[in-house]
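K.L.:
The structure that follows is given in the form of structure tokens.
The values are calculated or read from the model by the stated rules, or taken from the named source; none is laboratory data. Remember, predicted model here, so these are calculated numbers, not experimental data. Cβ atoms come from the backbone with ideal geometry, glycine included; neighbour counts cover every protein chain shown.
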Amino acid sequence: MSLAGQLPSHASSEARSVAIIMDGNGRWAAARDLPVAEGHREGARALRRTVEAAIELGVSSLAVYAFSTENWARPPDEVESILELMAETIDRELPELASEGVRTRFVGRRDRIPATLQEKMALLEAETAANERFLLWIAFDYGSRAEVVEAARRLVADGVEAGDVTEEALATRLYAPELPDPDLVVRTSGELRLSNFLLWQSAYSELVFTDTLWPDFGAEDLRAALDEFSRRRRRFGAR
């Protein structure tokens with residue numbers, strides 16, 4: 001869907017679609033003299049309670065940045081622990097959310113992750129496909145630049161002529177065309193950048209940065225971000 005097709009005639013004071021860059025697991029662990037894997041594990045718990053809080057606060061779609069294309073450059077043991085934790089999260093945390101009506105979709109590449117994890121992802125997607133209460137999008141092995149490049153390749157492969165290339169044509173070839181453009185993007189841990197997350201989709205998103213480390217993030221932090229969003233006037237390039 002093109003950006004032009006999504007621009008509202010008036011600014012809404014409520015964020016229905018939210019995206020979160022979940023940052024700070026390592027620093028949370030280091031501050032407690034714990035292995036970084038424990039920070040990631042606590043971060044998985046934060047995801048579950050944040051989804052539950054989002055449902056209560058009227059959000060209908062949440063996209064989270066779990067593992068980027070650049071994260072493969074981290075130490076091998078940390079990468080392995082993240083992959084193992086994602087499998088654990090699918091087995092232990094996400095089924096409870098599914099029972100509450102949450103549909104889970106994974107966004108990003110899958111060819112570089114273990115086959116067993118690919119199977120778990122596909123199975124969870126299939127099992128929650130009919131859920132309509134809430135949409136959870138987990139960006140895993142995801143990078144926005146790679147996503148746009150892949151969409152451009154699909155345009156070429158589909159034989160789209162240069163003159164027929166539009167925002168709509170490219171957007172429909174992104175990893176998940178159904179992913180709504182986020183009204184609000186939140187980044188935890190005090191860092192002030194998007195780190196290659198949903199660059200196309202967040203062109204007109206409001207941005208909120210919080211010093212809270214992701215493992216400590218919860219309902220009150222999400223409420224504060226939504227309250228900040230409600231005080232802003234979205235112009236989408238107009239006056």
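K.L.:
Whether any residue in the range 146-156 is buried (at least 20 other Cβ atoms within 10 Å of the Cβ) and at negative phi is what I want to check.
P.N.:
Checked against the condition, which is being buried (at least 20 other Cβ atoms within 10 Å of the Cβ) and at negative phi, the range 146-156 yields at least one hit.
K.L.:
State all residues of the range 184-216 that are touching a helix residue (DSSP H, G or I) at 6+ places or on another chain (Cβ under 9 Å) and acidic (Asp, Glu); if no residue qualifies, say none.
P.N.:
GLU206, ASP216
K.L.:
Being closer than 30 Å to ALA146 by Cβ and surrounded by fewer than 16 Cβ atoms within 10 Å (Cβ to Cβ) is the filter here; which residues of the range 28-37 pass it?
P.N.:
ALA30, PRO35, listed by residue number.
K.L.:
Given LEU226, LEU179, LEU199, LEU194, which one is farther than 16 Å from TYR142 by Cα and either of a type outside the set (Val, Ile, Thr) or outside any loop (DSSP other than H, G, I, E, B) (or both)?
P.N.:
LEU226
K.L.:
With GLU147, GLU125 as the choices, which residue is under 14 Å from the mean Cα position of the chain (by Cα), without any contact (Cβ under 8 Å) to a residue 60 or more places away in the chain and assigned to a helix (DSSP H, G or I)? Give the steps one after another, and end with the answer.
P.N.:
Numbers: GLU125 fails: under 14 Å from the mean Cα position of the chain (by Cα).
The unique qualifying residue is GLU147.
K.L.:
Any idea how many residues of the range 208-220 are crowded, with 19+ Cβ neighbours inside 10 Å and either among the aromatic types (Phe, Trp, Tyr) or outside any loop (DSSP other than H, G, I, E, B) (or both)?
P.N.:
Total satisfying the criteria: 4.
K.L.:
Any chance the range 50-63 includes a residue that's within 21 Å of ASP216 (Cα to Cα) and modelled with pLDDT under 95?
P.N.:
No: zero hits.
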